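Working notes, structure below.
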Amino acid sequence: GSRYFGDIVHGELGKDLFRYHGFVMMVAVAVLVFVMYMGCVILFTKFSYRHFLNRQRLEFWWTIVPMLMLVGLWFPSMINLYYMEEVKRPRWNFKAIGKQWYWSYEFCRNLDTPSSSESAESISCYTIDSYMEDQQETFSKGGYRLLDVDNRMVAPADVQMTAFVSSSDVLHSFALPKLLIKVDAIPGRINRLPMKASQCSIIYGQCSEICGVNHSFMPIVIEFIPEKYFVMWLEALN
């Protein structure tokens, strides 16, 4: 069953980010409760605090404690950021190119890095143009309005990959929330980011950068399938 709205399929890193979010919320609630309690004490107690003119020990602790709390929040945050940006050794790569107003995916058939003896002419490369599907066709298949496409990108599940994102005209944004991915597609520049889906699934996303009149009509759909079926899909391409 579903644990969250839009399950994260990024594996252990996604779970770590949810744990960190819970930790931050716990600290924020604790600070809020403490401040409200102290405010009630000051407002409704019979003692007066108007004559607290110089309390160096109090000033020392209300400076040190917030600093320690910020350090405690900073350390796991930096660890998560490091692992999110770490480009591991990928087994498969593909390129996503944003265009007005659709996505093109370029990839080669090799699932692993080609050997040095393999010539560039022997490597077959392909391009898939992915447009938003017609709404009537989407309704007839029971799909998602403004999210389904005519040609889905296919990728292997539980395999380390690298996505190269660029644009051929204006600024776009390649966003897949379930994979914790959001990167700008910039003309003349290629952004690289790691990608790995921990389970077979269909991931939906959209362009998250205002890129023109049809900005809201260029969805992203990637279907992650088992590796053996993905190899069969690659071999069936012609």
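Using a Gaussian network model of the chain in which every pair of alpha carbons under 10 angstrom is joined by a spring, one finds that among I220, I181, I42 the greatest mean-square fluctuation is at I42. Structural descriptor for the stretch 161-238: relative contact order 28 percent, calculated from alpha carbon pairs under 8 angstrom and at least 6 residues apart. Just checking the listed ones, A28, A185, A197: in the Gaussian network model of the chain with Cα springs under 10 Å, the one fluctuating most is A28.
Is the shape of the stretch 132-238 best called rounded, prolate or oblate, per the rule: a/c under 1.5 gives rounded, else a/b larger than b/c gives prolate, else oblate, with a ≥ b ≥ c the square roots of the Cα gyration tensor eigenvalues? Walk me through the intermediate numbers first.
Details: a/c = 1.79, a/b = 1.13, b/c = 1.59.
Oblate, since a/c reaches 1.5 and b/c is not below a/b.
Restricting attention to the chain, lysine pairs at least eight places apart or on different chains and with alpha-carbon atoms under 26 angstrom apart total 20. GNM on the chain, alpha-carbon springs under 10 angstrom: the most fluctuating residue among L81, L68, L193 is L68. Computed on the chain, with alpha-carbon pairs under 8 angstrom and 6+ residues apart, the relative contact order is 21 percent. Each Lys and Arg adds +1 at its Cβ and each Asp and Glu adds -1 at its Cβ; summed about the Cα centre, the chain shows a dipole of about 1400 debye. Rounded to whole numbers, the Karplus 3J(HN,Hα) couplings from phi for the stretch 209-226 are 10, 4, 10, x, 5, 9, 4, 7, 10, 10, x, 10, 9, 10, 9, 9, 10, x Hz, using 6.51 cos²θ - 1.76 cosθ + 1.60 with θ = phi - 60°, and x at Gly and Pro. Less than 5 angstrom separates the built amide H of E133 from those of D148, V149, D150, all sequence-distant by 5 or more or on a different chain.
Counting only protein heavy atoms and a probe of 1.4 Å, the accessible surface of the chain is 60% carbon and sulfur.
The values are calculated or read from the model by the stated rules, or taken from the named source; none is laboratory data. From a predicted model like this one, the values you see are computed outputs, not experimental measurements. Cβ sites come from the backbone with ideal geometry, for glycine too, and all protein chains shown count toward neighbours. Surface accessibility is based on the protein's heavy atoms, side chains included, excluding ligands, DNA and RNA. Shrake-Rupley method; radii C 1.70, N 1.55, O 1.52, S 1.80 Å.
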